[in-house]
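Here the structure is laid out as structure tokens; the discussion comes afterwards.
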Amino acid sequence: MTQERVILGIDPGTNVMGYGLIVAKGSKISLLQYGVIHLSKYANHALKLKKIHERITQLIEEYHPDEVALEAPFYGVNVQSMLKLGRAQGVAMAAALIRDIPITEYAPKKVKAAVTGNGNATKEQVARMLMNLLKFKVAENEMLDATDALGVAVCHVFQKGDNRKKAQSWSNFLTDNPDRLHRTSKKTKKDNE
């Protein structure tokens with residue numbers, strides 16, 4: 001029997017942090033909640049980090065996610081921005097780790113490729129694909145950080161699907177997946193001539 005899982009996806013940010021919660025049962029995925037944490041109104045970075053921790057903790061207490069998926073920071077030119085982004089991600093991770101919730105990180109290109117099939121897709125393309133997949137509507141240029149977070153959660157489900165079993169060896173894989181084996185016919189003496 002396939003177990004239902006709640007996945008919390010997080011798109012870390014220091015001005016806006018997106019979050020999205022989905023329910024996955026086998027290959028079925030449904031939307032639970034999504035939104036953003038507006039942080040630019042807070043005076044200093046320490047206060048922003050406190051607000052991130054508080055809000056992620058609230059989401060965990062309210063929805064009880066089984067797993068957390070985060071978008072890994074991309075490497076930019078501005079070292080200070082990267083440092084702040086890493087702190088924001090770390091605080092969000094800490095909120096989950098305190099409750100022993102497993103965490104997985106995904107590179108932005110991997111998330112885009114999992115959702116749209118194109119690792120170079122735009123945020124708008126990711127949002128449109130998610131609205132179609134999860135059957136919800138949002139104005140195209142609104143909530144892109146939230147749809148990015150939903151994309152991370154969906155990527156996580158696609159990467160760790162319940163219906164996929166990791167094989168210990170090639171022979172186990174072939175035994176477990178006979179439909180994936182391409183059989184060739186035996187050559188006869190006539191075929192070799």
Can you confirm whether Met1 is surrounded by fewer than 18 Cβ atoms within 10 Å (Cβ to Cβ), without any contact (Cβ under 8 Å) to a residue 24 or more places away in the chain and not in a helix (DSSP H, G or I)?
yes
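Tell me, yes or no, whether segment 19-26 has at least one residue that is part of a helix (DSSP H, G or I), under 21 Å from His156 (Cα atoms) and without any contact (Cβ under 8 Å) to a residue 60 or more places away in the chain.
Looking through segment 19-26, none of the residues is part of a helix (DSSP H, G or I), under 21 Å from His156 (Cα atoms) and without any contact (Cβ under 8 Å) to a residue 60 or more places away in the chain.
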In segment 63-108, the residues that are open to solvent by less than 40 Å² (accessible area, probe 1.4 Å) and of a type in the set (D, E, K, R):
Glu67, Glu71
Would you pick out the residues in segment 121-148 that are farther than 20 Å from Gly13 by Cα, assigned to a loop (DSSP other than H, G, I, E, B) and open to solvent by 40 Å² or more (accessible area, probe 1.4 Å)?
Lys135, Lys137, Ala139
Taking segment 55-86 as the region of interest, how many residues are on the phi < 0 side of the Ramachandran plot and under 19 Å from the mean Cα position of the chain (by Cα)?
19
Pair list, Cβ < 8 Å and 6+ apart or interchain, from segment 94-116 residues that are free of Cβ contacts under 8 Å to residues at least 60 places away in the same chain and under 13 Å from Glu71 (Cα atoms) to residues that are open to solvent by 90 Å² or more (accessible area, probe 1.4 Å) and not in a loop (DSSP other than H, G, I, E, B)
Ile103/Leu97
If you scan segment 39-61, which residues turn out to be over 24 Å from Val6 (Cβ atoms) and not aromatic (Phe, Trp, Tyr)?
Leu39, Ser40, Lys41, Ala43, Asn44, His45, Ala46, Leu47, Lys48, Leu49, Lys50
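Conditions (1) buried (at least 17 other Cβ atoms within 10 Å of the Cβ); (2) modelled with pLDDT of 95 or more, marked per residue:
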| position | (1), (2) |
| --- | --- |
| Gly26 | no, no |
| Gln33 | no, yes |
| Leu49 | yes, yes |
| Gln58 | no, yes |
| Glu61 | no, yes |
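The values are calculated or read from the model by the stated rules, or taken from the named source; none is laboratory data. These numbers come from a predicted model, not from an experiment. Cβ sites come from the backbone with ideal geometry, for glycine too, and all protein chains shown count toward neighbours. Each accessible area value is taken on the protein alone, full model and side chains, heavy atoms only, with ligands, DNA and RNA left out. Shrake-Rupley method; radii C 1.70, N 1.55, O 1.52, S 1.80 Å.
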